[in-house]
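The values are calculated or read from the model by the stated rules, or taken from the named source; none is laboratory data. Keep in mind it's a predicted model, so treat the numbers as computed, not measured. Neighbour counts are summed over all protein chains in view; Cβ atoms, including those assigned to glycine, are modelled from backbone coordinates with ideal geometry.
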Amino acid sequence: MKQISVPIGSLNIRLPVPPEQTESGDRISFWWGITSAAVALSLYLERTGDLSGERVIELGCGLGLAGCTAALLGAEVTFTDYVEAALTFARETCQLNDVPPDNVRFKLLDWDEPAGVETFGLVLGSEIAYDYFTHGSLVRLIDEILALNGTALLAERKRLAVSRFLGRLISRGLVTSETVVPVAVPGFPEQTISIFRIERNDTRQSHAL
């Protein structure tokens with residue numbers, strides 16, 4: 001299988017390259033692509049440093065670049081996606097980068113019916129807020145799975161859909177802040193990506209990420 005390497009700070013993460021795909025079913029999904037947002041989120045995590053002991057979930061993991069980065073930094077990571085093929089390739093990503101298999105799990109997750117999802121200290125997502133039709137389900141899901149002292153990190157390009165999504169999170173008592181991460185990685189367009197940090201109002205200062 002064809003592979004590419006993506007430099008993420010001190011890490012060099014290998015990713016499988018899926019064959020050409022079409023959109024998945026009745027929902028918009030581009031799980032097979034590697035977005036600048038996923039690169040930016042991975043760079044942000046790598047700069048954070050050691051994540052040992054952190055329980056992490058990646059929503060809409062696609063090829064699993066951000067989740068794999070977190071796992072290589074010591075976290076226990078649950079990779080989730082609506083598309084089963086995405087989980088197959090995320091698993092391959094972990095294998096290519098020698099991630100200990102005991103530190104990762106792979107779970108099909110329908111945001112509309114998220115049965116049996118636990119809470120996590122760190123929730124990750126890149127380019128997951130672009131579709132207005134998923135906002136209600138995704139807002140409820142993040143509110144449900146975000147642990148009391150937890151943090152969600154969402155990497156997104158600035159657009160109206162994202163602003164409205166953040167507004168819905170704020171209306172549920174969550175707070176957001178923004179860090180801008182420039183992406184200048186060979187093979188990717190130079191872009192500026194926003195990392196939105198989401199926390200509960202009474203725990204905003206308690207997490208060091």
Can you name the residue in segment 59-109 that is among the hydroxyl-bearing types (Ser, Thr, Tyr) and surrounded by 19 or more Cβ atoms within 10 Å (Cβ to Cβ) and is also farthest from TYR130 (Cα to Cα) among such residues? THR93
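Of all residues in segment 119-158, which are among the acidic types (Asp, Glu) and without any contact (Cβ under 8 Å) to a residue 40 or more places away in the chain?
ASP143, GLU144
Against the condition surrounded by 20 or more Cβ atoms within 10 Å (Cβ to Cβ), in contact with a Leu (Cβ under 6 Å, 6 or more places away or on another chain) and farther than 14 Å from ALA152 by Cα, how does LEU43 come out, does it pass?
Details: surrounded by 20 or more Cβ atoms within 10 Å (Cβ to Cβ): yes; in contact with a Leu (Cβ under 6 Å, 6 or more places away or on another chain): no; farther than 14 Å from ALA152 by Cα: yes.
The answer is no for LEU43.
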Would you check if there is a residue in segment 127-141 being at pLDDT 95 or above and among the aromatic types (Phe, Trp, Tyr)? no
Residue hits (segment 27-69; farther than 21 Å from ASP98 by Cβ, assigned to a loop (DSSP other than H, G, I, E, B) and not aromatic (Phe, Trp, Tyr)) are ARG27, ILE28, SER29, GLY33, THR35, GLY60
Exception for GLU118 within (1) in a loop (DSSP other than H, G, I, E, B); (2) touching a strand residue (DSSP E or B) at 6+ places or on another chain (Cβ under 6 Å) falls at (2)
Test result for ARG140, in contact with a Gly (Cβ under 9 Å, 6 or more places away or on another chain), more than 24 Å from ILE34 (Cβ to Cβ) and either surrounded by 15 or more Cβ atoms within 10 Å (Cβ to Cβ) or of a type in the set (A, V, I, L, M, F, W, C) (or both): no
From THR93, THR88, which residue is touching a Pro at 6+ places or on another chain (Cβ under 8 Å), among the β-branched types (Val, Ile, Thr) and either part of a helix (DSSP H, G or I) or closer than 20 Å to VAL117 by Cβ (or both)? THR93
Criterion violated by LEU154 - all others in (1) modelled with pLDDT of 95 or more; (2) within 19 Å of VAL83 (Cα to Cα); (3) touching a Ser or Thr at 6+ places or on another chain (Cβ under 8 Å) satisfied: (2)
